[in-house]
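Asker: Let me begin by handing over the structure; questions about it come next.
Where a number appears in this text, it was derived from the coordinates with a stated rule and is not lab data. Predicted model only: the values in this text are computed from it and were never measured. Ideal geometry is used to build each Cβ from the backbone, glycine not excepted, and the neighbour counts take in all protein chains shown.
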Amino acid sequence: MQKSRFWVVGGEYTSCDCESLVQGTERVVGPFESRAEAESTWRLLSEDHRPQAQVRFTIAQEPPAILSA
């Protein structure tokens, strides 16, 4: 059985288009063994930065193949 891991990634973007991160603001948190754990952290980070319109975080799932290589 292959397991996936989850990461919370994001930071401050140069505009509300969320295409380019401001250098030095990148954040990668994880890995998490379950999506629920990642969602909990994502909610905390998102709430902490709510007043900052250009700060965004998302959950990334690591492909299972990486873990079995």
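Asker: When the Cα atoms of the chain are enclosed in a convex hull and the volume is divided per residue, what value in Å³ results?
Answerer: 90
Asker: In whole percent, what relative contact order does the chain give with Cα contacts below 8 Å and a gap of six or more residues?
Answerer: Relative CO of the chain lands at 48 percent.
Asker: Points 7 angstrom from Cα along the Cβ direction at residue 54 and residue 16: gap in nanometres?
Answerer: Between residue 54 and residue 16, the simple spin-label model gives 1.3 nm.
Asker: From the phi of every residue in region 40-57, what ³J(HN,Hα) in whole Hz does the Karplus formula 6.51 cos²θ - 1.76 cosθ + 1.60 yield, where θ is phi - 60° and glycine or proline is x?
Answerer: 4, 5, 4, 4, 4, 5, 5, 5, 4, 10, 3, x, 9, 4, 9, 9, 9, 9
Asker: Another question about this same structure. What does the net charge come to around residue 64 if you take all other residues with beta carbon closer than 14 Å to its beta carbon, with K and R at +1 and D and E at -1?
Answerer: Its environment carries a net charge of +1.
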